[in-house]
Amino acid sequence: MSIRVIAIDGPAASGKSSTAAAVARRLGWAHLDSGALYRAITLAALDNVRDPLKDDLTVAADERREAWSPQRLVALAEDLPVRLVLVGDAFRPEVAGVDVENAIRSPRVTARVSEIAAIPEVRHWVNVQQREAVMTHPQGVVVDGRDIGTVVFPDAPLKVFLTATPDERARRRLAQRGDRVDPAELQRESDALGARDLADATRRVAPLRSAADAVLLDTTQLSMEEQVARVVTLARQRFPH
Ligand code: DC
């Protein structure tokens, strides 16, 4: 029997998570935002481990090297623990038993998450959590991220790669935050998104890219309703039961 996973990948602010959540709701499936796990580990590291960027030179060199070492981060995630908990129709991130869905969206986490997500040992740990979570759900799970169709669930019967121009993604992100969309702010946001995409697409492990068998969906001209409807139609074809 094939796995009941829909993989939705794409760059930052392409609407992956909103689309995945809406598709899951329409199908009666669960939603899993894999970026939330990378963010939760980043939050846990910032709150519990000496930050290597802030280290002063009075701290011993080997202790500084240890700070955000792969082993330290994975042990932290295991011990606190960092985990996904199914609440209603969504897997939510928890750190030490506390729901961190809001805390992980803060700018201090966003600024450092690419660094954490580039560590192979961390990625391996996150992938194991995702595969275990999916096994526990009887209906199916819509998983969104950067490497879901290429690495985490290469056998997913439906893979979608969402794109939109950097300007459109910047505009959506500012609108979502309720910020004014003036040209200078738009340019800044577009540049910041471009830098994060570049970091995610050029890292050595599991870079952001479309799977060869993914359906490409350019959402620049689509409303959220339209993009959700397209994915739901594909899902009903690929998962008739
Ligand atoms: O989608 P997001 O902005 O919440 O993702 C946070 C970071 O995690 C982003 O910089 C890329 C990384 N990420 C990843 O490398 N692989 C995934 N499957 C999901 C997110």
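Worth pointing out:
- With a Förster radius of 35 Å applied to the C-beta separation of Thr220 and Glu115, the computed FRET efficiency comes to 0.75.
- Taking all protein chains together and rolling a 1.4 Å probe, Ser17 ends up with roughly 40 Å² accessible.
- Leading residue at positive end of dipole, the chain (Cβ point charges), from Leu234, Leu216, Phe153: Leu234
- Charge tally around Lys16: other residues with Cβ under 10 Å, Lys/Arg +1 each, Asp/Glu -1 each, net -2.
- Size of electric dipole in region 104-150: Cβ of Lys, Arg +1 and of Asp, Glu -1, about Cα centre, debye, nearest 20: 180 debye
- Largest to smallest in accessible area, the residues His124, His241 fall in the order His241, His124 (1.4 Å probe, all protein chains included).
- For region 34-54, the residues whose amide N sits under 18 Å from a probe point set 7 Å from the Cα of Ala103 along the beta carbon direction are 35-51.
- Neighbours of Pro157 by Cβ distance under 11 Å: Lys/Arg scored +1, Asp/Glu scored -1, total +1.
- Taking Cα centre as origin and charging only the Cβ of basic (Lys, Arg, +1) and acidic (Asp, Glu, -1) residues, the dipole magnitude of the chain rounds to 500 debye.
- Sorted largest first, the principal axis extents computed over the alpha-carbon atoms of the chain equal 61, 48, 32 Å.
- Heavy-atom accessible area ranking, 1.4 Å probe, most first, across Thr136, Thr165: Thr136, Thr165
- What a 1.4 Å probe finds exposed on region 120-191 is 52% carbon and sulfur by accessible area, rounded to a whole percent.
- Amide H contacts of Thr163 (H built 1.01 Å from N, under 5 Å, at least 5 apart or other chain): Leu217, Asp218, Thr219
- Vicinal HN-Hα couplings computed from phi for region 153-164 (Karplus, 6.51 cos²θ - 1.76 cosθ + 1.60; Hz; Gly/Pro x): 10, x, 9, 4, x, 10, 10, 10, 10, 8, 9, 6
- Residues of region 100-125 falling in the label zone of Asp179, defined by backbone nitrogen less than 16 Å from a point 7 Å along Cα to beta-carbon, are 105-112.
- Per-residue HN-Hα couplings for region 218-229 [Karplus 6.51, -1.76, 1.60; θ = phi - 60°; Hz; x = Gly/Pro]: 7, 9, 3, 9, 9, 7, 4, 3, 5, 5, 5, 4
- Of the residues Met224, Met135, ranked by 1.4 Å probe accessible area with the largest first, the sequence reads Met135, Met224.
The values are calculated or read from the model by the stated rules, or taken from the named source; none is laboratory data. These numbers were taken from a predicted model, which means no experiment stands behind them. Cβ: placed from backbone, ideal geometry, glycine included. Neighbour counts: every protein chain shown. Surface areas here come from the heavy atoms of the whole protein model, side chains and all, with no ligands, DNA or RNA. Shrake-Rupley method; radii C 1.70, N 1.55, O 1.52, S 1.80 Å.
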